[in-house]
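Inspection log for the structure reproduced underneath, given as C-alpha cells.
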C-alpha cells in the first residue's frame with residue numbers, strides 16, 4: 001500500500017488508549033482525597049462546628065432557619081426571623097430559680113415571641129371593663145387529648161376556645177396567622193375570676209343586707 005501503512009497499527013493504538021485510561025485513572029485518584037485527607041477534612045469541619053456551637057454570641061442581620069439542633073452558649077441576636085423546626089428549647093430553664101425579674105413568654109399568631117407588659121406606661125385607652133363574669137359559670141369544663149397526643153397519657157383539663165367566644169369572651173382567645181381560632185390565654189382568665197369573685201361578693205352582701213333589714 002503506497003502512501004500508507006502496510007498493516008494498520010492497531011496494537012500501538014490500543015496500547016495508547018490503555019495508557020491514556022491508566023493516566024486518567026491515576027489523575028482521578030489524585031483528585032480524590034485519601035483517607036488521611038478525609039480525616040483531616042472531617043476534623044477541620046468539626047472544629048468549625050464546635051467553634052460555632054460554643055461561641056459567646058451569635059449575630060445575624062437577616063433570617064436564620066434551623067432544621068436540626070443549634071446550641072448557643074451566649075446571646076443570640078437576630079435582625080430578621082429565626083425559624084427552628086421542631087422548636088426552641090432552653091436547656092437550663094428548669095434549673096433556674098424564679099424571681100420577680102422574670103416574665104412569661106408569649107407567641108403571637110405568626111410565631112414571634114414577646115412578653116405581655118402590664119405597666120401603665122405601656123397602655124392607652126384604659127377603661128373599666130363591665131365583664132359580666134357570671135357568664136363564666138355557663139362554660140363547661142372538659143377533659144381532652146390533643147389530636148397528636150399519646151392517649152396513654154392523662155387527659156388535659158380546659159375549655160373549648162369556640163365556646164369561650166360564644167359565651168362572650170373573645171378577649172381570651174388567640175388565633176393563628178390565617179385568622180383561625182387556635183387556643184385560649186388561660187393566664188388572662190385570672191382577671192375574669194377576680195371579677196367573678198367581686199360579683200359573688202356583691203350578691204352575698206345584698207343577701208346579708210336583706211336579712212339584716214328583715215330582722216333575721
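Quick rundown of the values:
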item	result
Any hit, segment 123-140, residues being out of contact with any strand residue (DSSP E or B) (no Cβ under 9 Å at 6 or more places or on another chain) and closer than 30 Å to residue 83 by Cβ	no
Tabulated pairs, segment 191-208, first touching a residue at least 40 places away in the same chain (Cβ under 8 Å), second surrounded by fewer than 11 Cβ atoms within 10 Å (Cβ to Cβ) and part of a helix (DSSP H, G or I), C-beta under 8 angstrom, 6+ apart or interchain	196/137
Lone unmet requirement of (1) surrounded by 10 or more Cβ atoms within 10 Å (Cβ to Cβ); (2) out of contact with any helix residue (DSSP H, G or I) (no Cβ under 9 Å at 6 or more places or on another chain); (3) within 24 Å of residue 130 (Cβ to Cβ) for residue 190	(1)
Subset of segment 162-176 that is loosely packed, with under 14 Cβ neighbours inside 10 Å and part of a loop (DSSP other than H, G, I, E, B) - its residue that is modelled with the highest pLDDT	168
Hey, residue 179 in a loop (DSSP other than H, G, I, E, B) and surrounded by 12 or more Cβ atoms within 10 Å (Cβ to Cβ) or not	no
Checklist (1) at pLDDT below 90; (2) farther than 28 Å from residue 198 by Cβ; (3) surrounded by 13 or more Cβ atoms within 10 Å (Cβ to Cβ) applied to residue 93, failing item	(3)
Which numbered condition residue 134 fails, given (1) modelled with pLDDT under 70; (2) not in a loop (DSSP other than H, G, I, E, B)	(1)
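The values are calculated or read from the model by the stated rules, or taken from the named source; none is laboratory data. Keep in mind that this is a model prediction, so the values were computed, not measured. Backbone-built Cβ (ideal geometry, glycine too); neighbour counts: all protein chains shown.
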